[in-house]
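Chemist: The structure is given below, and queries will be raised subsequently.
Since every read-out is calculated from the coordinates, none of them should be taken as a lab result. Quantities reported herein were computed from a predicted structural model and do not represent experimental measurements. Please note: Cβ atoms are built from the backbone with ideal geometry, for glycine as well, and neighbour counts cover all protein chains shown.
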Amino acid sequence: MNKRKLLVRLALIFGALFGLPLLLLFAALFIERGSSVVLDNGNDFPVAVAIDGKDAATIAPHQHKRVSSKAGAHTLVARGPSGVVDEGTFTIPQPKGALDGFRAVYNLGGAARYVLVSICYGGSNCDQGVERIGEGKRFFELPNVLYGELDGEIPETTAGSGVQSHLFFCHAGATRKQFACPIEKSLLAKLGLR
């Protein structure tokens, strides 16, 4: 075997043994999952939001926008056509690890209501149902296990095998049984809401 082939083989072995672990270590140390806040405008008018004195977003009526946020205390001012709609503070906790993140909602003006919808796929050996979240709060943390985004579609089936429980985050209607996430009628029956 010539020297060149030997060097190539040694490089491949070294890369396989040390390259992937070094890449994973680098990712764990330097890539932060990040924290974000969903700014939700449940009002009938547009709202301009400033966080820590800087423009963060302009949000149309009944729309939302996710913004990144660093750990620490923050001030928020939301203005509508008639002036200040909301003024408050919120705190993003320090991440517990390099890949840790924090997700929350700021309910601008307290105009919206929310539910968590838990669906059991592939069986019935897991919790499912609809429960309110963030009741009476302007700022609240979201569970890390959410599937999709606010008002995302709730699929009739999921990929994978075995029993799986998925948690969806939706705007609520007048009752917890009314929510904005698109959902198949068969799943509504499964939840006992039809």
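Chemist: Using 13 Å as the cut-off for backbone N distance, which residues of the stretch 49-68 belong to the label zone defined by a point 7 Å from the Cα of Thr89 along Cα→Cβ?
Modeler: 52
Chemist: If you average over every viewing direction, what projected area does the convex hull of the Cα atoms of the stretch 68-194 give, in nm²? All intermediate terms of the calculation are to be shown ahead of the outcome.
Modeler: Details: hull surface 39.1 nm².
Orientation-averaged projected area of the Cα hull: 9.8 nm².
Chemist: Mean projection of the alpha-carbon convex hull of the stretch 32-110 over all orientations, in nm²?
Modeler: Working: hull surface 18.9 nm².
Averaging across all directions leaves 4.7 nm² for the Cα convex hull.
Chemist: Order of Ile51, Ile119 from fewest to most other C-beta atoms within 10 Å? Before the final figure, lay out each step's value.
Modeler: Values: Ile51 19, Ile119 23.
The order, fewest Cβ neighbours first, is Ile51, Ile119.
Chemist: How would Cys126, Cys120, Cys170 line up from fewest to most surrounding beta-carbon atoms within 10 angstrom? Each step should come with its number before you reach the end.
Modeler: Working: Cys126 14, Cys120 18, Cys170 23.
With the sparsest Cβ surroundings first, the list reads Cys126, Cys120, Cys170.
Chemist: Name all residues of the stretch 166-193 having a backbone nitrogen under 17 Å from the label point set 7 Å from the Cα of Phe140 along its Cα→Cβ direction, giving them as ranges.
Modeler: 167-181
Chemist: Where the centre of each part is set by its Cα atoms, how far does the stretch 51-120 sit from the stretch 125-192, in angstrom?
Modeler: Measuring centre to centre over Cα atoms gives 20 Å.
Chemist: State to the nearest 20 debye the size of the charge dipole of the stretch 57-194 about its Cα centre, where the only charges are +1 on K and R beta carbons and -1 on D and E beta carbons.
Modeler: Working: 15 positive and 12 negative charges, 44 e Å.
Taking the Cα centre of the stretch 57-194 as origin, the dipole is about 200 debye.
Chemist: Using a cut-off of 10 Å between beta-carbons, work out the net charge of the residues near Pro182 (Lys and Arg +1, Asp and Glu -1, Pro182 not included). Can you show the working numbers first?
Modeler: On the way: positive: none; negative: Asp151, Glu153, Glu184.
Net charge around Pro182: -3.
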